[in-house]
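Note sheet for the following structure.
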Amino acid sequence: MADNKSGRDEQADDSEKRQRERDLATELKRRDEPEPPIDPDSLARLEADLGALRFPTTGSAIVAAVGDNRIESPDETHTVAELLPDTDGESFRSPSAVRQRVKRPSVAAVMKRIVETGETVRGVDPDESQRDAYERTLQELRAIDADDDDEGVAVIGDWVITQAQLNGAFPGSRSVRRQAAKFCRANGYEIRNDEWLGI
């Protein structure tokens, strides 16, 4: 492609198309995961309000724009500000990425705490691959522990934050998975070796 405005616009369009395809593939892969019953109208309102933002954008920009929006489920209501980190340290590629995060409020609230901890611990932030691995580990715990008030999600979130504060660095994703597996086994949940937590 030529290095001119037309070529750069075409590259940007191609990049956005690839990101939409990745978001769709992620959403299809996650369809079988258990999800809390979030009110679809809440998500529709959020998505409509997110249309005013230009993506990718930071958690701070999203919280400033739609932080008061309510995400409702039969048992509880959260604001977007309670579920997304109010920091420039994490960005979201698309409205779909925001929707995926808030659809799992217990996981989103813990991820918010983890990312915001990175702002206070000597500027140490978990990188994107660490955040993705942490989120997947928390989602796996949510799936295993779905009927137990998400105790495992909270316990492992607290462990990650404590490790970051004590060591000045976030633990590796394998350490987090190992700790999550220990929690599961100690609480009578069977973890097979071929599963994400089966370390």
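The values are calculated or read from the model by the stated rules, or taken from the named source; none is laboratory data. Quantities reported herein were computed from a predicted structural model and do not represent experimental measurements. Methodologically, a virtual Cβ is constructed for each residue, glycine included, from the backbone with ideal geometry; neighbour enumeration extends over all protein chains shown.
With respect to the conditions (1) at pLDDT 90 or above; (2) surrounded by 11 or more Cβ atoms within 10 Å (Cβ to Cβ); (3) not basic (K, R), D68 lacks only one, and its number is (2).
The rows are residues; the columns are (1) touching a residue at least 12 places away in the same chain (Cβ under 8 Å); (2) among the β-branched types (V, I, T); (3) assigned to a loop (DSSP other than H, G, I, E, B); (4) closer than 20 Å to M111 by Cβ.
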site	(1), (2), (3), (4)
V153	yes, yes, no, yes
F170	yes, no, yes, yes
V176	yes, yes, no, yes
A180	yes, no, no, yes
C184	yes, no, no, yes
R192	no, no, yes, no
W196	yes, no, yes, yes
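Residues in the range 85-144 that are of a type in the set (D, E), outside the structural domain of R174 (by TED's automatic domain parsing) and over 11 Å from the mean Cα position of the chain (by Cα): D86, D88. Of T120, T57, all but one fail to be β-branched (V, I, T) and more than 21 Å from D158 (Cα to Cα); the exception is T57. If I filter the range 149-162 down to residues being touching a Phe, Trp or Tyr at 6+ places or on another chain (Cβ under 7 Å) and crowded, with 19+ Cβ neighbours inside 10 Å, which single residue comes out as nearest to D125 (Cα to Cα)? Selected residue: V160. Scan L166, L138 and give me the residue that is among the aliphatic types (A, V, I, L, M), closer than 14 Å to K112 by Cα and modelled with pLDDT of 90 or more. Only one candidate qualifies: L138. Checking the condition surrounded by 12 or more Cβ atoms within 10 Å (Cβ to Cβ), at pLDDT 85 or above, farther than 21 Å from R93 by Cα and under 19 Å from the mean Cα position of the chain (by Cα), which residue from T77, T57 passes? Testing whether each residue is surrounded by 12 or more Cβ atoms within 10 Å (Cβ to Cβ), at pLDDT 85 or above, farther than 21 Å from R93 by Cα and under 19 Å from the mean Cα position of the chain (by Cα) leaves just T77. Among the residues of the range 46-78, those identified as within 18 Å of E116 (Cβ to Cβ) and of a type in the set (S, T, Y) are T57, T58, S60.
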